[in-house]
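The values are calculated or read from the model by the stated rules, or taken from the named source; none is laboratory data. The structure displayed is predicted, hence computed values, not measured ones. Virtual Cβ from ideal backbone geometry, glycine too; neighbours counted across all protein chains shown.
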Amino acid sequence: MSDPLSDAAIDQLFRTARTANHYLDKPVPETLLRALWDLTALGPTSANQEPARIVWCVSQDAKDKLADCASGTNGAKIRVAPVAFIVGMDMAFYERLPELFPHADARPWFIGKPELIHESAFRNSTLQLGYLIMAARALGLATGPMSGFDAAKVDAAFFEGTTVKANVIGTLGYIDPAKVFPRLPRLSFEDATQIR
């Protein structure tokens, strides 16, 4: 196994990392979005399902369209972020399993089972969101994931005619260090875990 990461690396990924509400006025190049996906895709999912489908909203038009689907102050955050993103979940992810999971014929595990399809797509695309957040931090970026949005509006605006449904939206860029909020409280080991 690998040696533990340095304290500086752990700080960047966890201890000093923050959810971003404000970003520097600095673009995120496509090469960095590609590197971000390449790292995100390496994280494990059940039977290598990889159901996440990401839309990177870089143009102002795309950000405005997504902002119109957001609630509360989320729309304003989306409009001014360098990048906004949608993590969708492909409800036909199992069609790619012969390519992604060649060890067995896994398509029959899901065909005709809509509840299992939704459960697997939701769980694993959410897991991929976690990888995206950590990959962004590893690459010097920050994210602002959001659940305050109208999923049906996002689906109509971005996924019409596809098998993809919106799961989570968010923003991405270089965090403005002058506008970082203090870390909110966290549950202790004793409050949140058990050893049995």
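Some points to look at:
- Taken over the stretch 19-56, residues that are of a type in the set (Lys, Arg), surrounded by fewer than 16 Cβ atoms within 10 Å (Cβ to Cβ) and under 18 Å from the mean Cα position of the chain (by Cα) amount to 1.
- Residue within the stretch 86-94 that is farther than 15 Å from Trp56 by Cα, in contact (Cβ under 8 Å) with a residue 12 or more places away in the chain and touching a strand residue (DSSP E or B) at 6+ places or on another chain (Cβ under 8 Å) present: yes
- Candidates Cys69, Cys57, filtered to the one that is in contact with a Leu (Cβ under 6 Å, 6 or more places away or on another chain) and under 23 Å from Asp155 (Cα atoms): Cys57
- Some residue of the stretch 99-117 being of a type outside the set (A, V, I, L, M, F, W, C), surrounded by 15 or more Cβ atoms within 10 Å (Cβ to Cβ) and modelled with pLDDT of 95 or more: no
- Residue identified as assigned to a loop (DSSP other than H, G, I, E, B) and aliphatic (A, V, I, L, M) among Ala17, Ala35: Ala17
- On the stretch given as the stretch 119-155, residues that are among the charged types (D, E, K, R) and either farther than 13 Å from Ile86 by Cα or not in a helix (DSSP H, G or I) (or both) total 4.
- Each residue in the stretch 97-125 was checked for being charged (D, E, K, R) and within 22 Å of Val168 (Cβ to Cβ), and 3 pass.
- Arg79 vs. criteria surrounded by 15 or more Cβ atoms within 10 Å (Cβ to Cβ), at pLDDT 95 or above, more than 13 Å from Gly144 (Cβ to Cβ) and basic (Lys, Arg): no
- Number of the exception - Leu116 against (1) under 17 Å from Gly75 (Cβ atoms); (2) of a type in the set (A, V, I, L, M, F, W, C); (3) in a helix (DSSP H, G or I): (1)
- Residues within the stretch 67-90 that are out of contact with any Lys or Arg (no Cβ under 6 Å at 6 or more places or on another chain) and either among the hydrophobic types (A, V, I, L, M, F, W, C) or not in a loop (DSSP other than H, G, I, E, B) (or both), tallied: 11
- Subset of the stretch 24-66 (residues that are among the aliphatic types (A, V, I, L, M), over 16 Å from Gly88 (Cα atoms) and without any contact (Cβ under 8 Å) to a residue 40 or more places away in the chain): Val58
- Val87 being among the β-branched types (Val, Ile, Thr), within 16 Å of the chain's Cα centre (by Cα) and surrounded by 12 or more Cβ atoms within 10 Å (Cβ to Cβ): yes
- Residue within the stretch 118-129 that is over 24 Å from Leu36 (Cβ atoms), touching a residue at least 24 places away in the same chain (Cβ under 8 Å) and either more than 19 Å from the chain's Cα centre (by Cα) or surrounded by 13 or more Cβ atoms within 10 Å (Cβ to Cβ) (or both) present: yes
- For the stretch 140-188, residues that are exposed (fewer than 15 other Cβ atoms within 10 Å of the Cβ) and under 22 Å from Ala9 (Cβ atoms) total 4.
- Condition check for Asp155: among the acidic types (Asp, Glu) and over 23 Å from Thr40 (Cα atoms): no
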